[in-house]
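Take a look at the structure set out below.
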Amino acid sequence: MKLKIAIQKSGRLHEDSIKLLKECGIDINNGVNKLKTEASNFPLEVFFLRDDDIPQYVEDGVADIGMVGENVVLEKNRQVQEVEKLGFGKCRLSVAVSKTVEYTGVQDLAGLRIATSYPVIVEQFLQKNNVQAEIHEISGSVEIAPGIGLADAICDLVSSGSTLFMNGLKEAEVILKSQAVLIANKGLDAAQQQVLNKLLFRIQAVKKARNNKYILLNAPNNKLDEIIRLLPGMKSPTVLPLAEEGWSSVHSVLNENDFWDIIESLKAAGAQGILVVPIEKMII
Ligand code: ATP
Ligand code: ZN
């Protein structure tokens, strides 16, 4: 039995999806223009599809699982389960209005024409906020709609905001913070679920490793207590005596988020020769 996974054929999620599978130790050769391929060392068959079609294929069981943006999952509103956030493809789905408009809050959208490729999500957002507005569904180049008089506002994906700015728009409301997620068919059998669990275990190990660094440093023994207090570690840091009398080597794991702050404090506390190395996999 092979588990069938759908990933984007080309576009913003394609490379990161392949990269994640590779880092999970799964070898796939993704020859250009291929519709599908098989992993050589894992029971996985990979389908390359347009991202918009992935939720439906997973709902129908043509694919068992898929990697796709949360924005697409919510818009397509299919009966699939979200299994895991994947940590790439991060973006916001935002409402933008003309730079010249003074925007004070959601109620300012009342009566406006909003151009978007996300009519379902926008409708839900407006309803939730009790705002009546007109939704114009268009499939691409949404950001030019206000400029050509087609709409007063837009709702589209934003990462840096520079496209909005170039079109005389500004971000007014963030409706959704999105990233790529792993979705699964709701009726997987025991064998399929088992392969999915195996894949998930690996994905989680890769994600944790990406968010953490291994740190090694030297410390004078009289500063050890203070330095150890600064280090979270998986359990507690490893402390090994150095050949030089009165010094120790300390090893630990740091989270990317508070990384620089901790490094600074460690240095201030007397740590020397600090080395930071990437972790390939992390299993806890
Ligand atoms: P397809 O040909 O598969 O339909 P597409 O043109 O619809 O591709 P892409 O532009 O490749 O889609 O974007 C795919 C996904 O990447 C988006 O749905 C979103 O989840 C994510 N993404 C991340 N950053 C951005 C961004 N700045 N703009 C658009 N999408 C982004
Ligand atoms: Zn698409």
Pick from segment 198-227, criterion more than 19 Å from S17 (Cβ to Cβ) and within 20 Å of the chain's Cα centre (by Cα), ranking: surrounded by the most Cβ atoms within 10 Å (Cβ to Cβ): N212
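Give, as residue ranges, the helices (runs of 4 or more DSSP H) completely inside segment 29-148 that count at least 1 residues that are surrounded by fewer than 22 Cβ atoms within 10 Å (Cβ to Cβ) and more than 16 Å from ligand 1 (Cβ to nearest atom). Walk me through it before giving the result.
Values: elements: 54-60, 70-76, 119-128.
The helices (runs of 4 or more DSSP H) meeting that bar are 54-60, 119-128.
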Restricting to strands (runs of 3 or more DSSP E) lying wholly in segment 228-278: which have 2 or more residues that are open to solvent by less than 60 Å² (accessible area, probe 1.4 Å) and at pLDDT 90 or above? 247-255, 272-278
With (1) open to solvent by 70 Å² or more (accessible area, probe 1.4 Å); (2) under 30 Å from Q107 (Cα atoms) as the list, and A190 as the residue in question, which single condition is left unmet? (2)
Residue pairs, Cβ under 6 Å, 6 or more apart or interchain, first in segment 39-57 and on the phi > 0 side of the Ramachandran plot, second within 16 Å of ligand 2 (Cβ to nearest atom) and open to solvent by less than 10 Å² (accessible area, probe 1.4 Å). List them. none
Identify, by number, the condition in (1) of a type outside the set (D, E, K, R); (2) in contact with a helix residue (DSSP H, G or I) (Cβ under 7 Å, 6 or more places away or on another chain); (3) within 18 Å of V73 (Cα to Cα); (4) not in a helix (DSSP H, G or I) that I154 doesn't meet. (3)
May I ask you to list pairs of residues, at least six apart or on different chains, whose Cβ atoms are under 9 Å apart, with the first in segment 1-19 being farther than 19 Å from V73 by Cβ and assigned by TED's automatic domain parsing to the domain that holds P55 and the second being outside any loop (DSSP other than H, G, I, E, B) and within 11 Å of ligand 1 (Cβ to nearest atom)? S10/F48; I18/I7
Applying the selection to segment 125-159, what residues are more than 11 Å from V95 (Cβ to Cβ) and of a type in the set (D, E, K, R)? K128, E134, E137, E143
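The values are calculated or read from the model by the stated rules, or taken from the named source; none is laboratory data. All values derive from a computational prediction rather than experimental measurement. Here the Cβ is made from the backbone with ideal geometry for all residues, glycine too, and neighbour counts use every protein chain on show. These accessible areas exclude ligands, DNA and RNA; they are computed on the full protein's heavy atoms, side chains included. Shrake-Rupley method; radii C 1.70, N 1.55, O 1.52, S 1.80 Å.
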